[in-house]
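The values are calculated or read from the model by the stated rules, or taken from the named source; none is laboratory data. Remember, predicted model here, so these are calculated numbers, not experimental data. Please note: Cβ atoms are built from the backbone with ideal geometry, for glycine as well, and neighbour counts cover all protein chains shown.
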């Protein structure tokens, strides 16, 4: 069972996490939801299209202008409180690596802390435990926040390949167990292979191909695939032309057992997940007329 906020999700129930960037320089939307009203409109649309989780971020992942903890909190805390007021049942996630921001957003009503930088601030897990929030434990390949990978390599492991999946398992399982020992609820902990974070395109493709090794651990797996560079490089497509590749990767990840999908395009992702779920026998067709009349 996966429990986030007031919601419980069954073993075969895929969960869509919609991205809402409170940044002026997002790689994807270029600041479209930096202001409050467009961001609230985005939440409304995402919930209507089937998102159960709203992931709010105040700092873009890539390099750029410095954003202090105070500025990150200014961009996110009040917005979290307003989303909680308007949508009391939605699961609110905040994408941050800083414990002081995590504490402020939990006070405002956040249910989940999405630590995309792999425990670089170990106190963030302590905050999640103290507030009863969930925690995403991500593999970032040892990268520091807001840096890009450079000539990244991993020690080949006993399972073969580049060794990246062995490192992903070592890091994420270690972070998850540490979080549980600190008091974070086990049913609120997720692990994330961290596509693009501390990885080349080949590493991210391998992590996808071997995702079953992560889902087989018993921890629920979150994948953040949406329009990322590994999709763009694989297909040689710019950011705005990566949806098809993203959805293909989503389908593969769903078949291999991922539970939570962090996305920009909610409606399209839901159709893919519903289709995979039906093929797997976990969901009936929405209608069934063919050959029955």
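Miscellaneous remarks
- Those helices (runs of 4 or more DSSP H) of region 167-263 in which at least 3 residues are farther than 22 Å from residue 49 by Cα, considering only elements entirely within it, cover 201-209, 211-215, 229-235.
- Filter pass, residue 220 being within 21 Å of residue 119 (Cβ to Cβ), touching a helix residue (DSSP H, G or I) at 6+ places or on another chain (Cβ under 8 Å) and in contact (Cβ under 8 Å) with a residue 40 or more places away in the chain: no
- On inspection, residue 128 does not qualify as crowded, with 17+ Cβ neighbours inside 10 Å and out of contact with any strand residue (DSSP E or B) (no Cβ under 6 Å at 6 or more places or on another chain).
- Of the residues 288, 267, 248, the single one that is surrounded by fewer than 21 Cβ atoms within 10 Å (Cβ to Cβ) and modelled with pLDDT under 95 is 288.
- Scanning region 97-122 for residues that are over 19 Å from residue 146 (Cβ atoms) and either in contact (Cβ under 8 Å) with a residue 60 or more places away in the chain or surrounded by fewer than 24 Cβ atoms within 10 Å (Cβ to Cβ) (or both) yields 103, 104, 106, 107, 108, 109, 111, 112.
- Of the residues making up region 132-172, those that are more than 13 Å from residue 197 (Cα to Cα) and surrounded by fewer than 17 Cβ atoms within 10 Å (Cβ to Cβ) are 132, 155, 156, 157, 158, 159, 160, 161, 170.
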